[in-house]
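What follows is a set of notes on a single structure, which appears directly below.
The values are calculated or read from the model by the stated rules, or taken from the named source; none is laboratory data. Predicted, not measured: the structure shown is a model, and the values here were computed from it. Virtual Cβ from ideal backbone geometry, glycine too; neighbours counted across all protein chains shown. Protein only, heavy atoms only, side chains kept; ligands, DNA and RNA dropped before computing areas. Shrake-Rupley method; radii C 1.70, N 1.55, O 1.52, S 1.80 Å.
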Amino acid sequence: ERLGRDIVMLDMEGVSLLADYFVLCNAESTPQFRAILDEIDKQAKAAGARRLHLEGEAVSGWILADYGSVVVHIFDPRLRLYYDLEGLWSQARLVVRVQ
């Protein structure tokens with residue numbers, strides 16, 4: 001909805017106790033980070049969920065938003081490659097990939 005790129009959802013069941021799902025996406029600019037986060041908050045609220053915790057800032061290149069059973073990672077593309085969470089959690093089942 002807010003032009004996040006390379007969106008991935010990983011099913012973390014049996015792999016991690018941190019969350020049921022990880023969602024990862026790329027943002028290309030500070031305003032886009034904010035727009036993506038605002039839209040996720042809006043959709044979560046509509047679904048009866050709320051953000052429990054927020055780490056990072058757009059200027060750092062990585063925002064982590066914790067919604068309890070779902071943790072969302074919004075990355076600058078270079079940092080996403082560097083941290084390679086998909087590789088780190090390669091045992092997780094890929095649920096969705098949207099280029």
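Structure notes:
- Among residues of region 12-65, those that are β-branched (Val, Ile, Thr) and within 13 Å of the chain's Cα centre (by Cα), counted: 4
- The number of residues in region 57-84 that are touching a Leu at 6+ places or on another chain (Cβ under 9 Å), closer than 13 Å to residue 36 by Cβ and either without any contact (Cβ under 8 Å) to a residue 60 or more places away in the chain or open to solvent by 50 Å² or more (accessible area, probe 1.4 Å) (or both) comes to 8.
- Selected residue (criterion: farthest from the chain's Cα centre (by Cα)) from residues of region 85-97 that are part of a loop (DSSP other than H, G, I, E, B) and touching a residue at least 60 places away in the same chain (Cβ under 8 Å): 91
- The set of residues in region 15-47 that are among the polar types (S, T, N, Q) and either in contact (Cβ under 8 Å) with a residue 60 or more places away in the chain or in contact with a helix residue (DSSP H, G or I) (Cβ under 6 Å, 6 or more places away or on another chain) (or both) comprises 16, 26, 30.
- Applying the criterion of being part of a loop (DSSP other than H, G, I, E, B) and out of contact with any helix residue (DSSP H, G or I) (no Cβ under 8 Å at 6 or more places or on another chain) to the residues of region 4-14, the residue that is most open to solvent (accessible area, probe 1.4 Å) is 13.
- Hits in region 90-99 (condition: of a type outside the set (Lys, Arg) and surrounded by fewer than 16 Cβ atoms within 10 Å (Cβ to Cβ)): 90, 91, 94, 95, 96, 98, 99
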